[in-house]
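Accompanying notes for the structure given below.
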Amino acid sequence: MVHVVMTITEIKQTVRDFTDAARRAKKASFDGVQLHGAHGFLLNQFLSPFFNRRKDEYGNSIENRARIVLEILNSIKRELGAKFIVTIKLNSDDFLEGGFTPEQMIKVSALLEKDGIDAIELSGGNSIGKYSSSRIGKINREEDEVYYLAAAKLYKKSINVPLILVGGILSYQIARKLVEDELADYIAICRPLIREPQLIKRWQSGDTRKATCIYCNRCFVPTRAGEGLYCVAEAALNKKKDD
C-alpha cells in the first residue's frame, strides 16, 4: 500500500473546501450536511491508525487524528450558524488489524459531541478489510440483521448525541424495536430502498413484511458504468415476468 501524506497547506484547504461545499448546500436550501468519516474515505483514513501514519499534529493520538474532522465541523458551524445541521457517518469498526476500533469510535464521538455535532451515523468496514461497507449476502434471519448492534449499545452508554443506525436493517419490527429500546434514535436504510423505493409507504400502510433486498450488490454495477442507479435483481425479475 502506498501512503501519500497531505501537507498542512492541503489539509487547511480541505477544511475550507468542506466548508464551501456546506455553504453551497445551504444556498440550495438544504437544512444540513453529513460528513463522510467512514468506509475508508479521506476522513476515515485520518481517524484510522491503520492508514494514518503521520507524526505531526494530525497523527499519533486520537485527538490529533480527529483534528481535521473537528476543524471541518467547527468551520461549518462558525460560518453557517449553529442551526445548520452537521452530522457524520462514522465507522464503528474498520475490521482491520491496527485499524479504527469501537473504543476509538467512542472517543471520537465524545470529541464530536463536545464540539456540537448534531447526530452520528454508525457504520463500518471499508474496501480492504474483513467486511466492506456494503456486505454481500441475503439476510435470512432477524438475528442476523443490524450489523452494528454491539457498537450501538456501546455508544448509548456514554454518548448523548442522537444516533443514526445503518446496516442490515430489513425488518420493520427490528427497526421499531431499536428505537423503542433506545438503541437508536433514527434508522438509515440504503440498498433496500433501491429495490423498493416505496418501502416506507408499504410499511406505513400496514404491510410490514421484510424488505425484499437480497444484498447482492449488483446495484453498484450500472451505477459505476454511468447507467444510473437501479436494482438489477428486480429488473431481471420484471423482465422474466414480461417474457
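Quick note: the coordinates plus some simple rules give every number you see, no bench work behind them. Model, not experiment: these values are computed from the prediction. With ideal geometry, Cβ positions are generated from the backbone for all residues, glycine too; neighbour counts draw on all protein chains shown.
Modelled spin-label separation between residue 54 and residue 209, with each label point placed 7 Å from Cα along the Cα-to-Cβ direction: 5.1 nm. When the Cα positions of 105, 152, 85 are compared along the charge dipole of the chain, 85 comes out farthest toward the positive end, with charges on each C-beta of Lys, Arg, Asp and Glu. The residues 128, 189, when put in order of fewest to most other Cβ atoms within 10 Å, stand as 128, 189.
Think of the stretch 8-188 as a dipole: +1 on every Lys or Arg Cβ, -1 on every Asp or Glu Cβ, centred on the Cα centre; then among 28, 128, 52, 28 lies furthest on the positive end.
Computed extension gain for residue 103 through residue 4, at 0.36 nm per residue and net of the alpha carbon distance, reaches 33.0 nm. If only the Cβ of Lys and Arg carry +1 and only the Cβ of Asp and Glu carry -1, the dipole of the chain around its Cα centre is close to 400 debye. Looking at the stretch 174-243, the GluC sites (Glu not before Pro) that sit in a DSSP loop and have at most 10 other Cβ atoms within 10 Å of their own Cβ are 182, 227. Would you work out if the stretch 8-188 is rounded, prolate or oblate? Take a ≥ b ≥ c from the square roots of the eigenvalues of the alpha-carbon gyration tensor; rounded if a/c is under 1.5, else prolate when a/b is larger than b/c, oblate otherwise. Verdict is oblate for the stretch 8-188.
Sorting 65, 218, 191 from the fewest to the most surrounding beta carbons within 10 angstrom yields 218, 191, 65. The distance between label points at residue 113 and residue 201 comes to 3.9 nm (points 7 Å beyond Cα on the Cα→Cβ vector).
The stretch 1-76 to the stretch 142-190: how many Å between their Cα centroids? After rounding, the separation between the Cα centres reads 26 Å.
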